[in-house]
Amino acid sequence: MRAQVSAILHVYNEAHQIRECLEGIKWADEIIIMDCFSQDDTVAIASQFTQKIHQRRYINAAEAKNWLLTQATREWILAIDADERCTQELAQEIQQRFSFEDGTAGYSILLQTFCLGRKMQGWPKGERQVRLFKKTLARWEDKEVHSKLVVHGSRKELVHPLLHYPYPTINALWVKFDRYTTFEARARQKGKKRLGLFGFLKILIGSFTIFFRMVFLRGCFRDGRAGLLLAFFSACYPLVSVCKSWGRRE
């Protein structure tokens, strides 16, 4: 008997894309959704795939995902976002891996990112994340932003990728940039150490370094406008986060 899987995700106003996401994971033994009081048809669409939909206030991604773990009833967890697509090939690979038990605690999956409708050849090509893991052997770090999944045990890699569509439009890119720099600013504000002039200059120089590294060393120039925009926003991220944190202190 193969191991069973709980697919988990937290959502807010994802009516424009949640159907495609859920279609790709309907093979899972259960789908558990935390809805952060969406104002569109997210819940109505999601209810066509699962009845395990919980409306709950969003605090941060790590807290939401760790809470979802407490609601899962299966041995394995597949963590996915509304802007990601589990292909048929990946689904089949996951189910085949579970035809035997070898003591693995988690599996990393390659994320194939698309930006402005274009498959990215430069950064973030080759990015892997553990998305499939045993429920009792993993938990997200208690951090406001950029929380990592801590897995206690051995890991292996899956071959087929998870398709990732985070930035279908320039507006979507800007909205996420604004949201995450605000989260980062909030986290910085909680820190006791204030950033001085030297620290600010270091971040400013670092922003130019990030842009250069992404465009020329990681090959974002090969992705045209989409690659340059990703490099630009990534370079601006730390600088804008710091400026926002200063604004919050005033």
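The values are calculated or read from the model by the stated rules, or taken from the named source; none is laboratory data. Everything numeric here is computed off the predicted structure, so don't read it as measured data. Quick reminder, even Gly has a Cβ in these numbers, built from the backbone with ideal geometry, and neighbours come from all protein chains shown.
The table below gives the values:
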item: Residue within segment 55-66 that is surrounded by 17 or more Cβ atoms within 10 Å (Cβ to Cβ), in contact with a strand residue (DSSP E or B) (Cβ under 6 Å, 6 or more places away or on another chain) and in a loop (DSSP other than H, G, I, E, B) present; result: no
item: All positions within segment 179-201 that are surrounded by 13 or more Cβ atoms within 10 Å (Cβ to Cβ) and of a type outside the set (Gly, Ala, Ser); result: Tyr180, Thr181, Thr182, Phe183, Glu184, Arg186, Arg188, Gln189, Leu195, Phe200
item: Contacts under 7 angstrom Cβ, first residue in segment 82-108 being under 14 Å from Ile25 (Cβ atoms), partner among the acidic types (Asp, Glu) and at pLDDT 95 or above, 6 or more apart; result: Ala82/Glu14; Arg85/Glu20
item: Top-ranked residue of segment 195-241 - restricted to ones that are without any contact (Cβ under 8 Å) to a residue 60 or more places away in the chain, touching a Phe, Trp or Tyr at 6+ places or on another chain (Cβ under 8 Å) and of a type in the set (Phe, Trp, Tyr), ranked as farthest from Gly117 (Cα to Cα); result: Phe211
item: Residues that are within 17 Å of the chain's Cα centre (by Cα), outside any loop (DSSP other than H, G, I, E, B) and of a type outside the set (Val, Ile, Thr), drawn from segment 25-52; result: Met34, Asp35
item: Condition check for Cys21: touching a Phe, Trp or Tyr at 6+ places or on another chain (Cβ under 6 Å) and not charged (D, E, K, R); result: no
item: Residue within segment 197-216 that is β-branched (Val, Ile, Thr), within 28 Å of Leu110 (Cα to Cα), under 21 Å from the mean Cα position of the chain (by Cα) and outside any helix (DSSP H, G or I) present; result: no
item: Any hit, segment 140-161, residues being at positive phi and at pLDDT below 90; result: yes
item: Residues located in segment 67-89, provided they are more than 14 Å from the chain's Cα centre (by Cα), in a loop (DSSP other than H, G, I, E, B) and not polar (S, T, N, Q); result: Ala72, Arg74, Glu75
item: Residue ID - surrounded by the most Cβ atoms within 10 Å (Cβ to Cβ), chosen from residues in segment 26-54 that are among the charged types (D, E, K, R) and farther than 27 Å from Gln92 by Cβ; result: Asp35
item: Residue in segment 28-51 that is among the aromatic types (Phe, Trp, Tyr), touching a helix residue (DSSP H, G or I) at 6+ places or on another chain (Cβ under 7 Å) and either under 21 Å from Thr104 (Cβ atoms) or modelled with pLDDT of 95 or more (or both) present; result: yes
item: Residue in segment 14-24 that is part of a loop (DSSP other than H, G, I, E, B) and surrounded by 22 or more Cβ atoms within 10 Å (Cβ to Cβ) present; result: yes
